[in-house]
Every structure is written in structure tokens, then in C-alpha cells.
Amino acid sequence: MTAMKTNLTRRDLLKLSGLTLGTAVASNALAPVNATLGASLSKDKQSSGSPGLPEETPFIPGEKLAADEMRITFLGSCFIPRLKQAANSVFVEVGAGDSFVFDCGSGVTAKYVACGIPYSRLDKIFLTHLHADHMSDLIFIYCFGPSTDRKAPLYVWGPSGDKPEDGTRFLCDKMREMMKWHIESFSFLATGLKQGGDGYDVVVHECPYMTVGGAAYNRNGVKITHFPAVHARNGSISYKLEWNGLSMVFTGDTQPNKYVIEQAKGVDVLIHEMAVPPEVWTTHMTGLHPGEPGYDRSVAYSKAVQASSHTPQLALGYILSKTRPRLGVATHFTANPDAIKPALDDIRHWYDGPFTIATDLLVINVSKNQIRQRRAVVSDYAWYPVGKIYSETELEKPRYPSPTAQLNSTLLGNVIPEEIYQRPKKK
Ligand SMILES: [Zn+2]
Ligand SMILES: [Zn+2]
């Protein structure tokens, strides 16, 4: 088993993306969000960059993580999958080498590829709930892991529901059934290891959704617990990760609730959802303004969605004032330029500590004495990164004897043979 390294230098990456760093930041309308918020709004200088390493120092995929550091990368940060913000996903790595995926909504696979994170490192997935903006790329991660470098089962944690069919196990079982054609089609390749199971197996750990502080994961010094979220219907949870004296809470979607205040008190990083006011939501979605026909009804609809499910900006400010993390991060947020300032005004009504609003490719390095916020510089044309190459002796035999074993003789008889189209051999 060999680890393959990304041999691209920072200069190569900038060349690939056709940008210099200055223009990369300038050309991304959302880039200044993280760059400036941390710097201008942080009361804690430690969170705005270490000496000699300005905040805008880019993160280049492949950068080594210090043994005592935790790194949090945002691959998706919105409920709408859009070009600059995929739906939700947070990738957490600890210096000890382990990595964890929290939610994986629509569009995040492209960001994982861009960040050079191979499927072998996306093997532990923690779902907060089963809304599609938090889990739809699970299908892609599941399907293409075994045909690249995840030859062992996919481990999925997620909430239980009131009935079995409301829970994560049901979702994963049905996913396997639904993707049968895909699974068979790739099974002419080795998809499993002689020791360690098959890549198309899914091992599900259902977390009882009402349990406060329930254990989800406890290995190699990493402890992940869960607690209830209040979101749409029964069966949503939030997670807390603790390692080496560092901690992170990821709420997923929730109304503002007392569990978070209890569980996130004094954590290093609190990642909490935040929703724009219903009036802003309405105008962006429908183009309607106050006084126009349909506006009031649309606002009432937005209010109903938010009342069932989400956290207003002022409420997040209040929660931050009660929990006082070393860094507060809002996510699941439509970070349009016109939404930023009103959101900050609401947060600052309650809370004056370090705070940022996540957009995709925000990278946060957390150690005992500092928290650094940076932005990943990536190629728009990245290929699947392969982190592990297996030897023949490690791999289980493919289930089909050849690449064409699942095609009938009529179809195969209609394939144009290579000798028809190949270049004539030089004499
Ligand atoms: Zn959501
Ligand atoms: Zn949701």
C-alpha cells in the first residue's frame, strides 16, 4: 500500500487555475467575506493569523497538518447548491491522521476532488439529518469510492427516527438497492480487500436522536458525541468532536436551542447554521418586493419554513454570547454580498468575539494557541485524487471475470473492433 503525493507546487496550482493569488481573491466576490471578517471583527488577534503568516496566505491542498493541529475545511456552505457555494459539508482532519466528513450535500464532491481529498479519506460520514442538501452526494461518494481507492466499507453515522423507515439505516439500505446497476457495473474491478470487507458495503451506526451526549465514535483519541437538533421533524442531531484538548461542534440544521448552549459552551469552534431574514429570502427567491402582489404570501411561506427549521441571525448572536467559542462560524448561509452586513449587525448586537461566515474552501487551522482562517487555492480541472494504491495480494478477486462479462453477445457483436480504427502500423 503506497501513499501517492500531490506533487503540485503552489505556483503550479496558480498556473493551473490561470490566476495569480491576488486576482484569485479579487475575482471571487465572496472571498473577502472570510478574509475580512476574521481580521476586522475578531477581538481576539490570535484568530486572525499568526505573525508572518497573513490571513490571506492560501491553503494549498496537500499541506501537511501539524501533529497537534485540527483542520476544518468547508466543502459546501449553503442550502442552495450554487456555483460558489455547494450544499453542506465540513471535512475535519486531526493531526493524528484521521479524517471525518460531516454532511455531504449536493455539489460537494467537486469540491472534495478540487481539494485533492481521495475517497479513501471520505470513509467516515456523519449525517446530521436526511434532508437532501445534507446527504445527496452520499450516493456519489458511496458509488465511486470502490472504483478508486476506498476498497473498504463506507461507515455512516446518522440519526434514528421515530420509525425504522425514518432513520439513517433505512436510507443506506435503500441506497444500496437503488444503486444495484452501478455496483454491478464496476464489479469487474476489485472492489474489496481480502481483509477488511467490500467497498460497496455500508456500515451504519444509528444515533438515537433524543440522546444528549450519546457516543458516536471513540477511537485513536477522537471522541464524537451527538445531541438533539430541533429541525423540521423528529430525527435530526448535532455533533461534537473532541481531540487532543481541541473541540468542534457542528449543529447541522436547527432552530436555536438550549442543547447547543449546553454542549457548545467554550468549544474551540462552533459551526452553526444561520438563516437570512424571511424578507431577504423572499426577495432573492421570487424577485418580489414589499407592496407587490404575492409578496406577503411569499414572506409568510419563508417564515413558515424558518419557523419549522432554522436559526435567525439574532438568535445565533445570542447563542454565541452564551457559548463563547474561540471562533464562531455561521454556515448554511446565503453569503450574498448584501446579506453579510445585516447579518453581522445582528450577530454584533449580542456577541463581540471572533466570528466568520463560511463560504466554500474556507480552511480553519486550530491549535491550542491560535486559530487561522485561510482559503484553499485549487484547480478548476482537478482529477480524482488517488491516495492509496493496493497490491494484487491485498485485493479481493473481482466478481466478474472480464470488463465485458455483463454485456450480451448481440451488443458485443456490434462493437467496432480496434483494428478497424487504429492507425496503420509503421513499417
Ligand atoms: Zn439544510
Ligand atoms: Zn435540513
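The values are calculated or read from the model by the stated rules, or taken from the named source; none is laboratory data. Keep in mind the model is a prediction, meaning the values are calculated, not measured. Glycine also receives a Cβ, built like all others from the backbone with ideal geometry; neighbour counts cover every protein chain displayed. When the accessible area is computed, the model is the full protein with side chains, heavy atoms only, and any ligands, DNA or RNA have been set aside. Shrake-Rupley method; radii C 1.70, N 1.55, O 1.52, S 1.80 Å.
Residue pairs whose Cβ atoms lie under 6 Å apart, sitting 6 or more positions apart in sequence or on different chains, and linking a residue in segment 68-84 that is open to solvent by 20 Å² or more (accessible area, probe 1.4 Å) to a partner that is within 16 Å of ligand 1 (Cβ to nearest atom) and of a type in the set (D, E), are F79/D133. Applying the criterion of at least 3 residues that are more than 13 Å from ligand 1 (Cβ to nearest atom) to the helices (runs of 4 or more DSSP H) found wholly in segment 50-156 leaves 108-114, 138-144. Looking only at segment 95-113, which residues are open to solvent by 20 Å² or more (accessible area, probe 1.4 Å) and among the small types (G, A, S)? Hits for segment 95-113 are G95, A96, G97, S106, G107, A110. Taking the criterion of being in a loop (DSSP other than H, G, I, E, B) and in contact with a strand residue (DSSP E or B) (Cβ under 8 Å, 6 or more places away or on another chain), the residues of segment 351-389 that qualify are Y351, G353, P354, A358, T359, D360, L361, S367, K368, V377, G387.
Would you check if V204 is open to solvent by less than 50 Å² (accessible area, probe 1.4 Å), within 30 Å of S391 (Cα to Cα) and not in a loop (DSSP other than H, G, I, E, B)? So V204 passes the test. Going residue by residue through segment 136-157, is there one that turns out to be touching a residue at least 40 places away in the same chain (Cβ under 8 Å), within 16 Å of ligand 2 (Cβ to nearest atom) and farther than 20 Å from F227 by Cα? So far as segment 136-157 goes, yes, one or more of its residues are touching a residue at least 40 places away in the same chain (Cβ under 8 Å), within 16 Å of ligand 2 (Cβ to nearest atom) and farther than 20 Å from F227 by Cα. If the condition is being open to solvent by less than 80 Å² (accessible area, probe 1.4 Å) and of a type in the set (A, V, I, L, M), then segment 276-293 contributes V276, V280, L288. Counting only residues that are open to solvent by less than 20 Å² (accessible area, probe 1.4 Å) and closer than 20 Å to D162 by Cα, segment 207-224 holds 3 of them. Can you name every residue in segment 234-262 that is within 16 Å of ligand 2 (Cβ to nearest atom), surrounded by 21 or more Cβ atoms within 10 Å (Cβ to Cβ) and of a type outside the set (S, T, N, Q)? Selection gives G235, I237, Y239, F250, G252, D253, V260.
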